[in-house]
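Here the structure is laid out as structure tokens; the discussion comes afterwards.
The values are calculated or read from the model by the stated rules, or taken from the named source; none is laboratory data. The structure presented is a predicted model; accordingly, all values stated were derived computationally and were not measured. Here the Cβ positions follow ideal geometry from the backbone for every residue, glycine too, while neighbour counts run over all protein chains shown. In case anyone asks, the SASA skips ligands and DNA or RNA and just uses the protein heavy atoms, side chains included. Shrake-Rupley method; radii C 1.70, N 1.55, O 1.52, S 1.80 Å.
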Amino acid sequence: MKVSKAALFESLPPQYPQSLMPEIQRLVKESKRKIVVLDDDPTGTQTVRNITVLTRWDVGTLCEALEETDDVVYILTNSRSFLPPEVEAMNRQIARHLKQASEQTRRPFVVVSRSDSTLRGHFPLETEVLMDELGGGFDGVLVIPFFEEGGRFTIDDIHYVAEGEFLVPAAETEYARDATFGYHSSDLKEWVVEKCGGAVLPAQVASISLEVIRRGGPAAVQEHLSRLENAQVCVVNAASYRDLEVFVAGLLAAEQAGKRFIYRTAASFVRVRGGMDAFPLLQADDFAFGKTQNGGLIVAGSYIRKSSEQIAAVQALPNVTSLEVAVPMLLTDGERQKEIARVVERADEVLSQGREALIYTSRQLITGPDAAASLQIGQVVSQSLVEIVRRLTIKPAWIIAKGGITSSDVATQGLAIARARVLGQVLPGVPVWQAGAGSRWPGMVYVVFPGNVGGAQAIAQVVEILTTAKKATQERP
């Protein structure tokens, strides 16, 4: 049942009294290890800034990334939109290429398998494949879905999703009913057992409690981690960034002492593991759009209730023209191209008039008879949105893509982004990229808007920030 967030937080031990970020930053630099984040959709960049995102992973590209001075690099795999055999092949290839690049550059690395803070994704497949391809010898698999910006907290091994003033156990939310990655357990130990199909017993799953983190500090964390062996899964509790700092300080000490771990985490862990301080949100004056008179583009493919509420708020904005894409037509061979052509023609017209074009899928979710069939339907819909963006002849002033799969496919296929720079976040948990050289529109401001983040007005707020920035740019001499 849902619980009062304030009451539950009040019952917890007091937080560790001092910041450990300076110590973490020292240990990160001393290790000289590149933190390579394999991101199963592009929303994982929602806690970092001034780092590179790659959508390709050939050995040459990875050598360049390892040689850069940044401590963190993201590789966008978008694996959540693929079937298990494709996911396995992808992760094996990336791991092999990383090993080759590391040997050539003599730069060691550590892997973060970044996934959804609401527990959707290919677990344990991805971590198992990575450990196997990276030579085995891992002591533990650390499961850390804490994501403060999105209201995801793990307390007493229960993973919660914030809804207003309450915390709802994750298995009681709509995310747990996902057609492809659904689950029944909010207790992360039980969730691991569920996802491992009974291959792991509950007693075999370790956890590090808030009691250990808050009262014992990094030394206690290190001592608990030192007990892990043979790739034992360990759940990490966290209710604040300070909890993550304590855990990471203990983790780095354990690794310095010779322990080896792979991380399965949400986005907040990456910022702390990378030694990044907190930073302010992007404001309108942080953007520059040149003298374009064209409108901006919003592409929305996410079906969850939160996304539908956000789309409705955008539709209410005065300068927005709504273009609904009829999903049943996309799933009919004879109608798909007609529907795409209709939307492209209208979107070009709207953008050229200086209005914002909202392209969104019809809101009735269509699923298949099983998880694989539902995933394939999602792929057809996403590919159709990609084709619409690819066929536009008018360059938008900026682009917002709503939903993980949608934002990944639009970036890599619709805009041909092979490399981008994360500028920061425009709202908590909402990253902004700048497309790199070689993309269809170099320098394009591209907002990656997660499906499960933000209140009802969130996308509308971002639209207003970007339109204000565009207007200010036009008015400058």
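Please enumerate the residues belonging to region 74-111 that are crowded, with 18+ Cβ neighbours inside 10 Å, farther than 26 Å from Phe181 by Cβ and in contact with a Lys or Arg (Cβ under 9 Å, 6 or more places away or on another chain).
Ala101, Ser102, Phe109
So, restricting to strands (runs of 3 or more DSSP E) that lie completely within region 241-329, which ones have at least 3 residues that are touching a strand residue (DSSP E or B) at 6+ places or on another chain (Cβ under 6 Å) and under 23 Å from Glu174 (Cβ atoms)?
297-300
Can you tell me which residues in region 142-176 are at negative phi and more than 19 Å from the chain's Cα centre (by Cα)?
Passing the criteria: Ile155, Ile158, Glu163, Glu165, Phe166, Leu167, Val168, Pro169, Ala171, Glu172.
So, Ala89, is that one in contact with a Leu (Cβ under 6 Å, 6 or more places away or on another chain), assigned to a helix (DSSP H, G or I) and at negative phi or not?
Answer is no for this residue.
Hey, does region 62-79 have a residue that's part of a helix (DSSP H, G or I) and within 16 Å of the chain's Cα centre (by Cα)?
The answer is yes, given that some residue of region 62-79 is part of a helix (DSSP H, G or I) and within 16 Å of the chain's Cα centre (by Cα).
I'm trying to understand the selection: among the residues of region 350-366, which are at pLDDT 90 or above and not in a strand (DSSP E or B)?
Val350, Leu351, Ser352, Gln353, Gly354, Arg355
So which residues in region 163-180 are open to solvent by less than 20 Å² (accessible area, probe 1.4 Å), within 27 Å of Gln376 (Cβ to Cβ) and not hydroxyl-bearing (Ser, Thr, Tyr), if there are any at all?
Within region 163-180, Ala170, Ala176 meet the criteria.
Based on what the data block shows, is Glu64 farther than 23 Å from Phe449 by Cα, at pLDDT below 95 and not aliphatic (A, V, I, L, M)?
no
Going residue by residue through region 273-296, is there one that turns out to be open to solvent by less than 10 Å² (accessible area, probe 1.4 Å), of a type in the set (A, V, I, L, M), touching a residue at least 60 places away in the same chain (Cβ under 8 Å) and on the phi < 0 side of the Ramachandran plot?
no
Out of all the residues in region 382-408, which are open to solvent by less than 10 Å² (accessible area, probe 1.4 Å), farther than 25 Å from Leu281 by Cα and in a helix (DSSP H, G or I)?
Result: Ser382, Ser384, Leu385, Val386, Ile388, Val389.
On the given criteria, is Val299 open to solvent by less than 10 Å² (accessible area, probe 1.4 Å), within 20 Å of the chain's Cα centre (by Cα) and under 30 Å from Glu349 (Cβ atoms)?
In short, yes.
Would you call Ile417 of a type in the set (Val, Ile, Thr) and crowded, with 24+ Cβ neighbours inside 10 Å?
Against the criterion (of a type in the set (Val, Ile, Thr) and crowded, with 24+ Cβ neighbours inside 10 Å), Ile417 qualifies.
For Leu130, state whether it is in contact (Cβ under 8 Å) with a residue 24 or more places away in the chain, within 22 Å of the chain's Cα centre (by Cα) and part of a strand (DSSP E or B).
no
Take the residues in region 324-364 that are within 13 Å of Val380 (Cα to Cα) and hydrophobic (A, V, I, L, M, F, W, C), then tell me which one is surrounded by the fewest Cβ atoms within 10 Å (Cβ to Cβ).
Among them, the one singled out is Leu331.
Looking at the structure I just gave you, is Asp178 modelled with pLDDT under 95 and closer than 23 Å to Glu86 by Cβ?
Here the answer is yes, as Asp178 does meet what is asked.
So, in region 46-73, how many residues would count as being within 22 Å of Ile405 (Cβ to Cβ), open to solvent by 10 Å² or more (accessible area, probe 1.4 Å) and out of contact with any strand residue (DSSP E or B) (no Cβ under 6 Å at 6 or more places or on another chain)?
1
Does Glu475 satisfy the condition of being of a type in the set (Asp, Glu), more than 19 Å from Leu54 (Cα to Cα), modelled with pLDDT of 95 or more and open to solvent by 10 Å² or more (accessible area, probe 1.4 Å)?
It is false that Glu475 is of a type in the set (Asp, Glu), more than 19 Å from Leu54 (Cα to Cα), modelled with pLDDT of 95 or more and open to solvent by 10 Å² or more (accessible area, probe 1.4 Å).
If you take the residues of region 443-472 that are assigned to a loop (DSSP other than H, G, I, E, B) and either within 26 Å of Tyr175 (Cα to Cα) or of a type in the set (Asp, Glu) (or both), which of them is modelled with the highest pLDDT?
Residue satisfying both the conditions and the ranking: Gln457.
Hey, among the residues in region 125-141 that are of a type outside the set (A, V, I, L, M, F, W, C) and open to solvent by less than 20 Å² (accessible area, probe 1.4 Å), which one's nearest to Leu251 (Cα to Cα)?
Among those that are of a type outside the set (A, V, I, L, M, F, W, C) and open to solvent by less than 20 Å² (accessible area, probe 1.4 Å), it is Gly140.
Report the residue count in region 453-470 for those that are closer than 24 Å to Val389 by Cα and open to solvent by 10 Å² or more (accessible area, probe 1.4 Å).
Looking only at that region, the number is 6.
Out of the residues in region 420-441 that are open to solvent by 30 Å² or more (accessible area, probe 1.4 Å) and modelled with pLDDT of 95 or more, state the one that is farthest from Asn319 (Cα to Cα).
Ranking the candidates gives Arg421 first.
Consider only pairs whose beta carbons are under 8 Å apart and that are at least six residues apart or on different chains; among these, list those whose first residue lies in region 442-464 and is free of Cβ contacts under 8 Å to residues at least 12 places away in the same chain and whose second residue is hydrophobic (A, V, I, L, M, F, W, C).
So the pair list comes out as Pro442/Ala435; Gly443/Ala435.
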